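Notes follow the structure.
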Amino acid sequence: PQVHNMDNWRYRSIVARALARVGQYESAITLFQSIVNVKANVESDCPGLSEVEDKVWCLKELAILLWEHTRRRNKAIEHLQEAIQLITLFPGQFQFLDCCESWHEIQNLILRISPPTKRRIH
């Protein structure tokens, strides 16, 4: 599909994922960040990739890029937590992504990215 309108956040999500795949991380991060404040339609029941699935995927990809290429841990965790919230709030079934698998992947990323806890020995 040809991308014509970069004002459409769903087109930006496609381009951002493509840029990430070819190593254009800074540009991908910029496009993913332009999607963060977009409100995904949780009521939408469309065939294929729903708006919620798309946004969850974008937030996860953004978090990975932020962690791996900028070490912005807090921002990465913030985006992963937002993705978890979207998964939890979405009333429908995911059509493209596996909802449970995505939830577990995101939880594992949060654990991996989170700073190690200091244990007290008494």
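Read the figures in this text as sums done on the coordinates, not as results from a lab. In this text, all values refer to a predicted model and were calculated from it rather than measured experimentally. Heads up, the Cβs are rebuilt from the backbone with ideal geometry, glycines too, and the neighbour counts pull from every protein chain shown.
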**Item:** Reachable aspartates and glutamates from LYS75, criterion Cα separation under 16 angstrom, eight or more residues apart if same chain
**Value:** GLU26, GLU61
**For peptides 21-27, 31-37, sequence by mean Cβ density within 10 Å, most packed first** = 31-37, 21-27
**Request:** Could you tell me which of rounded, prolate or oblate describes the stretch 4-64, using a ≥ b ≥ c as the square roots of the eigenvalues of the alpha-carbon gyration tensor, with rounded for a/c under 1.5 and, failing that, prolate when a/b is larger than b/c and oblate otherwise?
**Result:** prolate
**Complete:** Most packed first (mean Cβ within 10 Å per residue), the peptides 101-114, 65-78 order as 65-78, 101-114
